[in-house]
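**Q** Before I ask anything, here is the structure I am working with.
The values are calculated or read from the model by the stated rules, or taken from the named source; none is laboratory data. Model, not experiment: these values are computed from the prediction. Quick reminder, even Gly has a Cβ in these numbers, built from the backbone with ideal geometry, and neighbours come from all protein chains shown.
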Amino acid sequence: MRTVSIQIRLLASYLLLAGILAALAIYAIIQIAAINHLTSTIRTKWFAGTGMLGEMADLLSEIHIDQLHTLVQHPEVTRAEADALAEEHIKSLEALKAAYEPLIQSARERSLFDAFATTSNTYVTLHQAFARTNNFEPQGANDHVDERLGGAYLAADHDVDALIATNATGADADAQHAQATNDLAFDVLVIGALAGLTLVGWMIFVVRRRITLPLGAITKALSRLAEGHTEITVPGADRGDEIGAMAQAFDVFRHNAMELATAYKAAEEAHAVAQSLARHDALTGLPNRRVFSEKLEEAIVRVKDGDAVYAILLVDLDRFKPVNDVLGHAAGDMLCEVAERLKAAMRKEDVVARLGGDEFAIISTFEGPAASFAEATRRLANRLVAAIAEPIKVGDSIAEVGASVGIADCPIDGIDADTLLHAADIAMYRAKRDGRGTFRFFEPSMDLELKARIEREADLRRGVAANEIEPHYQPLMALGDDRLIGFEILARWRHPRRGVVMPAEFIPLAEEIGVIEDLTYRILRHACRDARTWAGDLMLSLNVSASQLRDKLLPTRILAILVENDFAPRRLQVEITETALVSEMDTAREILGTLQGLGIRIALDDFGTGYSSLYHLRELHLDQVKIDRSFIESMRQNPESEKIVNAILGLTKSLGLPTTAEGIEDADTLSRVVEGGCTYGQGFYFAAAMPAAAAATFSLGQTKLAATA
């Protein structure tokens, strides 16, 4: 090494001098050795240690950034990738702590290191617990976890900064000590130069140029770095001796300091993003429920002070669920477009927020007369409904949704947030009941109606669960020989207080609240058990709802009930309506094909009332067509109805399809449909719907009549 070479030259020079100079030469050598020792100490302890601390701080920032990637759902980093990268950083952090600990020399440094070890372990533990949380929701449900993580990170970051500062102070002290030692060596060399003439002078020149000046430059650079100046040049980095190694170590430390500053800035920016996400919807960028509640409270205060009046508009998308099922993740783009349309339809001073799912809320202020306020709110609601009704392009698809808007007036409908939102929700519910794609102002009577509706829903749910709704049976007759071929299953609710309730009162409600499937399967199971007591191999005809024709498990569910009750699939006929086929034709075709593959027959009910009857006859392989009772019942009074019936009978006959006439109530009607070629019939002329026991008696009587004939 170059430094050793300098020592040898000095020693050779002193050997040429007299004995009185030997002591000075030895002393100078000892001082130079002390300089080397200090240089080695600075390199191994301070620079290496400071470098490790810089890397530890860097890793803390990386772990925090990985956490933020998870928190903000970074589009280019999946949660699994962020968690895996965080685990690698945690392992590296633990390795650096273990490597740094043997370098600790002072009690102060030991205390700071123990504090950092504790806070960093706490942060890592919280982060790993956070990473294992599966039901994480960025904008609310785990805010407390995010706050604890942020606090733990800041504590660990503070402790490592303190440790770095202590390390830098020690480095400065050793550097100053090295400078003092160099000065002393310089003095000794000056004395030796005076005694040793040219040789000592040459040695002073070499030491100053090769050691003293570079160390001074590095010391100055360290001071500049401590002041926060990272864009500095480190002299001597190209040397191959200890000074060069020191300069290179300093350059690494400077580079790490720059990266740490960059990471700290990135962490601050990420923190700002996280704060924004806490108050805004992550998908649409609109204010979230929290901000809406704050704005609503501010509006209520202004109302109480007499400064303004407000309208609260609750916007709920119509037909969103089927669209969401089709589009999947792309439905998020549709919601973003809806948010933009809402903002475009509003005034700048109005506030719009996404409350969750497909529900939005608006606060609209007005300072004019009450009549003008109502009209202005009506115009705003019309703009909102019209804007959302326009088709929305999502990728290669076109989505069509609508909006139902409920409006509450503050202060007329309430002066607290819960009351106003409740009123707007009731009005929105009324808008949906009145046909969707419209708006309604809250009226007190709506609350009473909603409560009554809720009571009816609860009563129906209870009745279904208690098996109060039971099957009645209306005979299906073969018109050629007046032979009983089976029964259509018709539901009757044996209510504990109201008596027998007809299906028109509860079937539509059962479809709306989603209990129609359970009700249908219960009735079918009951009917299969009842059919065991009937004479002959009679069939059952079961009506299914539109929602069931979207359930691809419908054939499996029906077959399970038939097997459970030992009822042959060929004895079951499923009746569907044309309205049930309109929205999900492809799915319905698949389900009906599966049912027919099991041996179950399919009948198209209420034929003639749908707008695409002929289309369904062409597309579906039906087993039977049932002519709607409205045409049959009006045949005697309305010649046009008779023409329609005869036209249907002629069409189905040409297609080879059996037909059933519903609503036959007299002999004349029976005669007319028989003349037209109708295959089967049902109606009061034969028998009304009857309980199971009466159906068993009826089937036995028909069997005896057939035997007599």
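**Q** Report yes if Ala399 is of a type outside the set (S, T, N, Q), surrounded by 15 or more Cβ atoms within 10 Å (Cβ to Cβ) and either touching an Asp or Glu at 6+ places or on another chain (Cβ under 7 Å) or closer than 17 Å to Ala339 by Cβ (or both), otherwise no. Quick ask: steps written out before the conclusion?
**A** Numbers: of a type outside the set (S, T, N, Q): yes; surrounded by 15 or more Cβ atoms within 10 Å (Cβ to Cβ): yes; either touching an Asp or Glu at 6+ places or on another chain (Cβ under 7 Å) or closer than 17 Å to Ala339 by Cβ (or both): yes.
Against the criterion (of a type outside the set (S, T, N, Q), surrounded by 15 or more Cβ atoms within 10 Å (Cβ to Cβ) and either touching an Asp or Glu at 6+ places or on another chain (Cβ under 7 Å) or closer than 17 Å to Ala339 by Cβ (or both)), Ala399 qualifies.
**Q** Assuming Gly435 fulfils every condition listed in (1) over 17 Å from Glu511 (Cα atoms); (2) of a type outside the set (Ser, Thr, Tyr); (3) not in a helix (DSSP H, G or I) apart from one, which condition is it?
**A** So the condition that Gly435 fails would be (1).
**Q** Find the residue count for the range 486-522, including only residues that are modelled with pLDDT of 90 or more and in a loop (DSSP other than H, G, I, E, B).
**A** Summing the residues that are modelled with pLDDT of 90 or more and in a loop (DSSP other than H, G, I, E, B) in the range 486-522 gives 5.
**Q** Tell me yes or no: at least one residue of the range 389-405 is out of contact with any strand residue (DSSP E or B) (no Cβ under 7 Å at 6 or more places or on another chain), more than 15 Å from Ala345 (Cα to Cα) and assigned to a helix (DSSP H, G or I).
**A** no
**Q** Sticking with this structure for a sec: At least 1 residues that are under 23 Å from Leu538 (Cα atoms) and at pLDDT below 85 in each: list the strands (runs of 3 or more DSSP E) lying fully within the range 601-664 that qualify. Steps first, please.
**A** Details: elements: 601-607, 624-627, 659-662.
Of the strands (runs of 3 or more DSSP E) lying wholly inside the range 601-664, those with at least 1 residues that are under 23 Å from Leu538 (Cα atoms) and at pLDDT below 85 span 601-607.
**Q** How do the pairs read when you match residues in the range 150-169 that are in contact (Cβ under 8 Å) with a residue 40 or more places away in the chain and assigned by TED's automatic domain parsing to the domain that holds Ala249 with residues anywhere that are outside any helix (DSSP H, G or I) and hydroxyl-bearing (Ser, Thr, Tyr), using Cβ under 9 Å and keeping only pairs 6 or more apart or on different chains?
**A** Pairs found: Thr166/Ser106.
**Q** Mind counting the residues in the range 110-122 that are over 43 Å from the mean Cα position of the chain (by Cα) and surrounded by 18 or more Cβ atoms within 10 Å (Cβ to Cβ)?
**A** Of the residues in the range 110-122, 0 are over 43 Å from the mean Cα position of the chain (by Cα) and surrounded by 18 or more Cβ atoms within 10 Å (Cβ to Cβ).
**Q** Do the conditions hold for Asp518, that is, is it more than 30 Å from Val674 (Cα to Cα) and not polar (S, T, N, Q)?
**A** Working: more than 30 Å from Val674 (Cα to Cα): yes; not polar (S, T, N, Q): yes.
When the stated conditions are applied, Asp518 passes them.
Conditions (1) under 36 Å from the mean Cα position of the chain (by Cα); (2) modelled with pLDDT under 90; (3) part of a strand (DSSP E or B), marked per residue:
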| residue | (1), (2), (3) |
| --- | --- |
| Ala427 | yes, no, no |
| Leu450 | yes, yes, no |
| Arg453 | yes, yes, no |
| Arg461 | yes, no, no |
| Gly480 | no, yes, no |
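**Q** Also, quick follow-up: Residue under question is Ile507, and the condition is that it be touching a Ser or Thr at 6+ places or on another chain (Cβ under 6 Å) and among the hydrophobic types (A, V, I, L, M, F, W, C); does it hold? Lay out the reasoning, then the answer.
**A** Numbers: touching a Ser or Thr at 6+ places or on another chain (Cβ under 6 Å): no; among the hydrophobic types (A, V, I, L, M, F, W, C): yes.
No.
**Q** Also, I was wondering about something else. Here is a list: Ala311, Ala339. Which entry is in a helix (DSSP H, G or I) and either closer than 22 Å to Arg383 by Cα or in contact with a strand residue (DSSP E or B) (Cβ under 7 Å, 6 or more places away or on another chain) (or both)? Break it down stepwise before answering.
**A** On the way: Ala311 fails: in a helix (DSSP H, G or I).
Within the list Ala311, Ala339, the selection yields Ala339.
**Q** Answer yes or no as to whether Arg525 is of a type in the set (Lys, Arg) and either modelled with pLDDT of 95 or more or in a strand (DSSP E or B) (or both).
**A** Working: of a type in the set (Lys, Arg): yes; either modelled with pLDDT of 95 or more or in a strand (DSSP E or B) (or both): yes.
It is true that Arg525 is of a type in the set (Lys, Arg) and either modelled with pLDDT of 95 or more or in a strand (DSSP E or B) (or both).
**Q** Okay, moving on. So, Leu542, is that one of a type in the set (A, V, I, L, M) and within 33 Å of the chain's Cα centre (by Cα) or not? Even if it seems obvious, please write down each step before you answer.
**A** Working: of a type in the set (A, V, I, L, M): yes; within 33 Å of the chain's Cα centre (by Cα): no.
Considered against the rule, which asks whether it is of a type in the set (A, V, I, L, M) and within 33 Å of the chain's Cα centre (by Cα), Leu542 comes out as no.
**Q** Filter the range 130-165 for residues that are modelled with pLDDT of 80 or more and either of a type in the set (Phe, Trp, Tyr) or over 13 Å from Leu60 (Cβ atoms) (or both) and give the result.
**A** Gly151, Ala162, Ala165 - these are the residues of the range 130-165 that are modelled with pLDDT of 80 or more and either of a type in the set (Phe, Trp, Tyr) or over 13 Å from Leu60 (Cβ atoms) (or both).
**Q** Test Gly216 against the stated conditions and say whether it is closer than 30 Å to Asn182 by Cα and modelled with pLDDT under 70. First the steps, then the outcome.
**A** Working: closer than 30 Å to Asn182 by Cα: yes; modelled with pLDDT under 70: no.
Considered against the rule, which asks whether it is closer than 30 Å to Asn182 by Cα and modelled with pLDDT under 70, Gly216 comes out as no.
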